[in-house]
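Please read the structure below before turning to the comments.
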Amino acid sequence: MKGLLDRADGRAKNPKETLDTDEAYRAAISHRPSNYALFFYLQPKTFATRLAALRAAIQSPAATQQQTILEQVRSVSGATRLEGGKIYDLLFVGMPPLESRDGGTALTRSSLTLGTKETFFYLSMLLNLGERMETLNQAAGLSGMMQKFAQAFSDSGITVDDWKGAFGIELGSLADWPSSAHWPTLLLTLPVLDVAKAGKIVEAATRADDDAIWTRTEKDGVRYFSMQSPATLVAITPTIALSDRLLVAGFNPVSVEEAVKRSGSASPELSDSPTFKSAAGLVPAPTNFFAYIDMQLLYSRLDASLRPMLLLAAAFMPALSSSVDLGKLPSPEVVTKHLSPIVSSQRYERDGYVAESVGPITFNQSVLGLAILSGAGAAARQKAGGGLTGGGSPPAGSPQPSPSPSGTP
């Protein structure tokens, strides 16, 4: 505390040791906007040093020569400001570029052509699946479905080089919610570099689960793989479409086939919409990551799907009306007029990665909120499960219960 007060009052013995003269800090604040309401700075040097010492104690010298991502991070900083009814976030991570692992390719957002006027979520990012598969293959303790996939790829002789040669590194994801549908549809896309290698990988993936039955069809030069899942509340039919330039995966064969048809469209609906153009113009052009969420469309669809369920629940549970008056729920138009899209962009600039996000809440805040809610839900389930004790055997040496006169324990 004395040292802190000495620095605050200008009595520090060595002014050069203050944070303001630190090179990593100066680099971080050079990316900070001139106008902000909140700013934070983190230097993970202490954590990285202890992590390196721990790795040196438990791993071989050859393994410790390779730095982890945390050890490469020089600083983490962020700033938030409010402007025009929107929240602006800027996150800076000072570290060397990682693009060399991905071949230095910049983001093209080529999967935008698959979007429609009813697309409320779009994401595009650089993800080298070949390197990620190499990491998974080296990881210990794989279980469940991932272990089955790894075994299927191994049995088919699929190597990391096959993955790298089969697919490009730009992963795309889209979610559509038509007004006529009760639930949204989600799609994942990957560019195809070698259709023969990609087909071999998809075939191996469909053989990973012995209990799953996949049907294979071909239409207009595109191969389709579909699996009928057991009957649930929401009908799911995992489907993969493979063409000579694109892989599309989803939970509905109709949506996958329609996406394949749109991939060759000369007039993409999503990228040409004024809402998307206006939102994308609020952030710099991305080189690594881009995300877009149409909050007005998402809220309207959620309201249309959930409001009837709430009203039906109130009819069967009259006690609910004593706490909540569902008749006073505002119409979706009252809420959506205050909502604007969420957009996020990431790029590498000079000495680190810069991620900017804009919206009624930012992309970083929404991800953090979902993580907190997921953690709270997991803790609640664990607590509820911990209160239910099983009927296991008593510890050895403990007295056994005597049978009742009727012979029932």
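Tabulated data
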{"quantity": "Inter-residue pairs, beta-carbon under 6 Å, first within 21 Å of Ala291 (Cα to Cα) and in the range 258-276, second of a type in the set (Ser, Thr, Tyr) and assigned to a helix (DSSP H, G or I), 6+ apart", "calculated": "Ser263/Thr113; Pro268/Thr113"}
{"quantity": "Criterion (at pLDDT below 70 and out of contact with any Phe, Trp or Tyr (no Cβ under 7 Å at 6 or more places or on another chain)) met by exactly one of Ala140, Ala166, Ala106", "calculated": "Ala140"}
{"quantity": "Which numbered condition Leu370 misses (of (1) hydrophobic (A, V, I, L, M, F, W, C); (2) closer than 28 Å to Ser179 by Cα; (3) in contact (Cβ under 8 Å) with a residue 12 or more places away in the chain)", "calculated": "(3)"}
{"quantity": "Meets criteria (exposed (fewer than 14 other Cβ atoms within 10 Å of the Cβ), in a helix (DSSP H, G or I) and not β-branched (Val, Ile, Thr)) for Ser300", "calculated": "no"}
{"quantity": "Filter pass, Val343 being at pLDDT 80 or above, touching a Lys or Arg at 6+ places or on another chain (Cβ under 8 Å), closer than 30 Å to Ser30 by Cα and among the β-branched types (Val, Ile, Thr)", "calculated": "no"}
{"quantity": "Subset of the range 154-212 that is of a type in the set (Gly, Ala, Ser) and assigned to a loop (DSSP other than H, G, I, E, B) - its residue that is farthest from Thr105 (Cα to Cα)", "calculated": "Ser180"}
{"quantity": "The range 346-369, subset assigned to a strand (DSSP E or B) and of a type in the set (A, V, I, L, M, F, W, C), residue farthest from Leu107 (Cα to Cα)", "calculated": "Val358"}
{"quantity": "Residue tally, condition in a helix (DSSP H, G or I) and crowded, with 19+ Cβ neighbours inside 10 Å, over the range 271-295", "calculated": "4"}
{"quantity": "Lys219 being at pLDDT below 95, among the charged types (D, E, K, R) and surrounded by 15 or more Cβ atoms within 10 Å (Cβ to Cβ)", "calculated": "no"}
{"quantity": "Given (1) outside the structural domain of Val354 (by TED's automatic domain parsing); (2) under 30 Å from Tyr88 (Cα atoms); (3) among the hydroxyl-bearing types (Ser, Thr, Tyr), number of the condition Tyr224 does not satisfy", "calculated": "(2)"}
{"quantity": "Hey, Arg32 within 25 Å of Lys86 (Cβ to Cβ) and either surrounded by 10 or more Cβ atoms within 10 Å (Cβ to Cβ) or among the acidic types (Asp, Glu) (or both) or not", "calculated": "yes"}
{"quantity": "Any hit, the range 14-24, residues being surrounded by fewer than 13 Cβ atoms within 10 Å (Cβ to Cβ) and touching a helix residue (DSSP H, G or I) at 6+ places or on another chain (Cβ under 7 Å)", "calculated": "yes"}
{"quantity": "Given (1) modelled with pLDDT of 90 or more; (2) surrounded by fewer than 20 Cβ atoms within 10 Å (Cβ to Cβ), index of the condition Glu131 fails", "calculated": "(1)"}
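The values are calculated or read from the model by the stated rules, or taken from the named source; none is laboratory data. Here the structure is a predicted model, which is why all the values come from computation and not from measurement. Note: ideal-geometry Cβ built from the backbone for every residue, glycine included; neighbour counts use all protein chains shown.
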